[in-house]
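Structure, as structure tokens:
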């Protein structure tokens, strides 16, 4: 039942996302991964992460583009600064790539590949009146956080099982130029009965 729910929500979100701007640069491909993120043992948010990817000089480069979060009040329960949340996002992206059979087979002679996942540090939340979701979008700045993994997948299992080893702590590039204060959702003076956008805030590099 849980898998059917995730599949239904993923189709719904992809329909909504197709009406919004999500375009990768030339030479990059696009994909998304939807998962349930529990903030209590029996309460969860449905999160979809959209990303771009390409293979460059033997390295699988991945750039996180945006998120959609359901239901509307779920954003206040999600901590985008949490290392555990980012770890889950990284895992779901690599699982999605394995489902497309884009990772090397662990059972072959030289199985591993380097994957580099990059996210910008500064993000803002947006609500469009009438939608039961939150858009989490990148701010226009260049500071980012890079996670590097050695990866492969066991394709003799269903779904494919990803084996990953993180190559040291994440590295940061640039200096974030956004607020370090916690966000108020909805922003002061706003309600969920209208459109609103938060300021950019720093998710840090953990």
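Here are some notes:
- In the stretch 141-165, the residues that are under 21 Å from residue 65 (Cα atoms) and either surrounded by 14 or more Cβ atoms within 10 Å (Cβ to Cβ) or at pLDDT 95 or above (or both): 141, 143, 144, 145, 146, 147, 148, 149
- Considering residues of the stretch 33-56 that are modelled with pLDDT under 95 and either outside any strand (DSSP E or B) or closer than 21 Å to residue 166 by Cβ (or both) only, the residue nearest to the chain's Cα centre (by Cα): 37
- Residue 83 falls short on exactly one of the conditions (1) touching a residue at least 40 places away in the same chain (Cβ under 8 Å); (2) within 19 Å of residue 184 (Cβ to Cβ); (3) surrounded by fewer than 16 Cβ atoms within 10 Å (Cβ to Cβ); (4) under 15 Å from the mean Cα position of the chain (by Cα), and that condition is (2).
- Selection within the stretch 181-191 - closer than 19 Å to residue 204 by Cα and free of Cβ contacts under 8 Å to residues at least 24 places away in the same chain: 181, 182, 184
- Test: residue in the stretch 107-118 that is buried (at least 19 other Cβ atoms within 10 Å of the Cβ), in a strand (DSSP E or B) and over 16 Å from the mean Cα position of the chain (by Cα): no
The values are calculated or read from the model by the stated rules, or taken from the named source; none is laboratory data. Keep in mind the model is a prediction, meaning the values are calculated, not measured. Here Cβ is always computed from backbone atoms with ideal geometry, including for glycine, and neighbour counts include all displayed protein chains.
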